[in-house]
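Here's the structure, in structure tokens; my notes come after.
The values are calculated or read from the model by the stated rules, or taken from the named source; none is laboratory data. In this text the structure is predicted, and so the values were computed from the model without any measurement. Glycine gets a Cβ as well: all are built from the backbone with ideal geometry, and neighbour counts include every protein chain shown.
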Amino acid sequence: MKPFEDRKFVILGIFLVIGLIFLGRLFFIQVVDDSYQLSANNQALRSITQYPVRGLIYDRKGQLLVYNEAAYDLMVVPSKVNDFDTAAFCNLLQITDSVFETKISKARKYSRYRPSVFQKQIPASDWALISERLYKFNGFYGEKRTLRKYPKATSAHILGYISEVGGSDIEKDNYYKSGDYIGKRGLEKEYESVLRGVRGKKVLMVDVHNRVKGSYRSGLYDTLPIAGKNLVSSIDRDLQAYGEKLMQGKRGSIVAIEPATGEILAMVSAPSYDPNLLVGRPRSKNYKVLQQNDSLNPLFNRTINAMYRPGSIFKIVQSLIALDEGVIKEETRFKCNRSIIGCHGSHTNDDLVGAIQHSCNPYFYQVYKRLIQRGEKSNIFKDANLGLNRWQERVKKFGFGVRLETDLPGLKKGLVPDPAFYNRWYGENRWAFSTIYSNSIGEGELQVVPIQMANLAATIANKGYYYQPHLVKSIGEDSVKRPEFTERVDTEVDSSFFNPVIEAMYKVVNETGGTARRARIDSIVVCGKTGTVQNDPWPDHSVFMAFAPMKNPKIAIAVYVEYSDFGGTWAAPISSLMIEQYLTGETTRPDKEKRITDAQFLDIYEGKK
């Protein structure tokens, strides 16, 4: 037998197996799987994206904040546009010939064979007329979309808006394609993956005149869209609208929180805008108008982005840290020595409760000095370095100088200066308490965000802890809540030290000599603290923080009114009206309400940003 005689049978066997594989594959492609046939018939079939209904957003009482309204995108496949009556088409869409040429050229540059948007967001009322004549124009068809609508022109900064995706959006998430829409700000952005749902697809047969003849293979290749999940927000729509009414003609913010849960009840940034302005085809034009209004900047969310000095409200934090650190006691007294720092009122030698009630600056000058210069180091600069480091770590436990984990994107963290900060400013071992004492009364380099001040009010109401402030109570039908919003955050200050502070806050509002008598409500016990943020040479910012009722608090609130006056003059009565509205469902002081709504401070902002 010749060597290698059997090899030819092996080679023949290999070719036979390969041939059988190819035959089997061809049989599968041509007989079993008709996806290739589907592709080949692309000229006679149309794949229509079925966009899901975006999730709705409700307030805490079940009232709608955002819903959907039908709209249509007019799509074009340039390679199929032929035998075209341009004049009739432009007349149907009410556009000019030049606009048509610009749009069709853009579509051709994108792709001659793939569909793209020719005209977007056509209202349903207009589409009814367009759709019945569209069969005359080859290469054009409609895709159903939805537009966001707002039954009340409120909560714009909370809800945010949606707009068309950009290149960076598509790069970050391959779910999106050109022409899609995405949440850009507010809850629309934060909960985009929940609200958007899942796209579906419908494959249709069309004739040579671009008319739909029915579903291909009885819908075998169709997939149904999955609607986005609904959100139940923590916002009280009526309280939010009332807050926006009170802040008309002003620049500033209101943040109200439920202390027991951290749920945000109202979040007002003034000036605001009607969220319906950023919907549909007018969105781009309106956005530019709002963006160019530099002096008022209505798109800027002051509740989470504006940073202010906290003013005298910060004396509450100084008190609690000093008590817990043991550098003062409730009965500790300091003379109101106005030669070291300015003050106001007729008090002279307060204890802690009296110092908070009268907002005594010299008292808290001495408190801060005891926190910073403890005599633990012989070198005064090194001693201050040690004291400041310990102080700023304690302040951070109250949610200052850190980014609160809220569900509104873009939150700033403010500033609590540490030794490294002053080393950069003055140089190492070149600063001490005498350099930084302005921090003692909430001035100096301290910077806070309004939501942090409302969170402080909630923390005091809870006697030492808070829940991360958040805007969504539940997600979807299963009422899921994000777990990070159910975890308690502790300040690590003994709860007993909150009692004298709360007593003092009661006196600030309810007793003679208190700085916030305008916040008093006959039927509700309010505890609060004023702040007047220095703003030379312009008028001061009016600030107030409060919670109510004193026992079993239901609402904590912080109000900033820019360029207005003393904290008790404007911020305190606004807080009082908001508290009464929330707890009773109405306000019973029309004169106080009229005084607030009539007040206008916007003329002060001319030339300032």
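From the list GLU405, GLU428, pick out the single residue that is touching an Asp or Glu at 6+ places or on another chain (Cβ under 6 Å) and either in a loop (DSSP other than H, G, I, E, B) or outside the structural domain of VAL317 (by TED's automatic domain parsing) (or both). It is GLU405. In the stretch 552-572, the residues that are in the same structural domain as VAL255 (by TED's automatic domain parsing) reach residues that are assigned to a strand (DSSP E or B) and surrounded by fewer than 23 Cβ atoms within 10 Å (Cβ to Cβ) with C-beta atoms within less than 7 angstrom, at least six apart or across chains, in these pairs: LYS554/GLU258; ILE555/GLU258. Please enumerate the residues belonging to the stretch 218-232 that are surrounded by 14 or more Cβ atoms within 10 Å (Cβ to Cβ) and either part of a loop (DSSP other than H, G, I, E, B) or not β-branched (Val, Ile, Thr) (or both). The answer is TYR221, ASP222, PRO225, ALA227, GLY228, LYS229, ASN230, LEU231.
Taking the numbered list (1) part of a strand (DSSP E or B); (2) modelled with pLDDT of 95 or more in turn, GLY214 passes all entries but (2).
Could you list, in sequence order, the residues of the stretch 275-304 that are assigned to a helix (DSSP H, G or I) and either out of contact with any helix residue (DSSP H, G or I) (no Cβ under 8 Å at 6 or more places or on another chain) or aromatic (Phe, Trp, Tyr) (or both)?
Correct list: ASN276, SER284, LYS285, TYR287, LYS288, VAL289, GLN291, GLN292.
The set of residues in the stretch 59-116 that are aromatic (Phe, Trp, Tyr) and touching a residue at least 24 places away in the same chain (Cβ under 8 Å) comprises TYR67, TYR72, PHE84, PHE89, TYR110, TYR113.
All told, VAL194 falls short of being outside any helix (DSSP H, G or I) and not hydroxyl-bearing (Ser, Thr, Tyr).
The rows are residues; the columns are (1) at pLDDT below 95; (2) under 21 Å from ALA432 (Cα atoms); (3) of a type in the set (Ser, Thr, Tyr).
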{"position": "ALA322", "(1), (2), (3)": "no, yes, no"}
{"position": "LYS335", "(1), (2), (3)": "no, no, no"}
{"position": "GLY345", "(1), (2), (3)": "yes, no, no"}
{"position": "LEU352", "(1), (2), (3)": "no, no, no"}
{"position": "SER359", "(1), (2), (3)": "yes, no, yes"}
{"position": "ARG394", "(1), (2), (3)": "no, yes, no"}
{"position": "PHE400", "(1), (2), (3)": "no, no, no"}
{"position": "GLY410", "(1), (2), (3)": "yes, no, no"}
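Each residue in the stretch 244-274 was checked for being hydrophobic (A, V, I, L, M, F, W, C) and in a loop (DSSP other than H, G, I, E, B), and 2 pass.
Any idea which of PHE398, PHE364, PHE334 is under 30 Å from LEU231 (Cα atoms), crowded, with 17+ Cβ neighbours inside 10 Å and assigned by TED's automatic domain parsing to the domain that holds PHE544? Criteria check complete, one pass: PHE398. Whether any residue in the stretch 372-386 is among the polar types (S, T, N, Q), in the same structural domain as MET247 (by TED's automatic domain parsing) and crowded, with 18+ Cβ neighbours inside 10 Å is what I want to check. Yes, some residue in the stretch 372-386 is among the polar types (S, T, N, Q), in the same structural domain as MET247 (by TED's automatic domain parsing) and crowded, with 18+ Cβ neighbours inside 10 Å. Which ones in the stretch 536-565 are buried (at least 19 other Cβ atoms within 10 Å of the Cβ) and among the aromatic types (Phe, Trp, Tyr)? Of everything in the stretch 536-565, those that are buried (at least 19 other Cβ atoms within 10 Å of the Cβ) and among the aromatic types (Phe, Trp, Tyr) turn out to be PHE544, PHE547, TYR560, TYR563.
Can you tell me which residue is farthest from LEU456 (Cα to Cα) among those in the stretch 391-421 that are among the basic types (Lys, Arg) and in contact (Cβ under 8 Å) with a residue 60 or more places away in the chain?
The selected residue is LYS412.
For SER312, the criteria (1) more than 20 Å from the chain's Cα centre (by Cα); (2) outside any helix (DSSP H, G or I); (3) crowded, with 17+ Cβ neighbours inside 10 Å hold in every case but one, which is (2).
Only residues that are assigned to a helix (DSSP H, G or I) and more than 16 Å from TRP570 (Cα to Cα) were counted in the stretch 233-243, giving 5. Among the residues that make up the stretch 429-451, is at least one of them farther than 15 Å from SER312 by Cα and in contact with a Pro (Cβ under 8 Å, 6 or more places away or on another chain)? For the stretch 429-451, residues farther than 15 Å from SER312 by Cα and in contact with a Pro (Cβ under 8 Å, 6 or more places away or on another chain): present. Of the residues ARG199, ARG251, the single one that is buried (at least 24 other Cβ atoms within 10 Å of the Cβ) and in contact with a Phe, Trp or Tyr (Cβ under 7 Å, 6 or more places away or on another chain) is ARG251. Pick from the stretch 563-609 the residues that are more than 19 Å from TYR506 (Cα to Cα) and aliphatic (A, V, I, L, M): which of them is modelled with the highest pLDDT? Within the stretch 563-609, the match that is modelled with the highest pLDDT is ILE596. Selection of the stretch 170-188 for residues being crowded, with 18+ Cβ neighbours inside 10 Å and outside any loop (DSSP other than H, G, I, E, B) yields TYR181, ILE182, GLY183, GLY186, LEU187, GLU188.
Given the options ASN286, ASN301, ASN297, name the one that is under 22 Å from the mean Cα position of the chain (by Cα) and within 22 Å of PRO469 (Cβ to Cβ).
Just one listed residue meets the conditions, ASN301.
Under the condition of being assigned to a strand (DSSP E or B), among the aromatic types (Phe, Trp, Tyr) and surrounded by 18 or more Cβ atoms within 10 Å (Cβ to Cβ), the residues counted in the stretch 67-119 number 2. For the stretch 364-384, a residue qualifies if it is of a type outside the set (D, E, K, R) and free of Cβ contacts under 8 Å to residues at least 40 places away in the same chain, and the qualifying residues are GLN366, GLY375, SER378.
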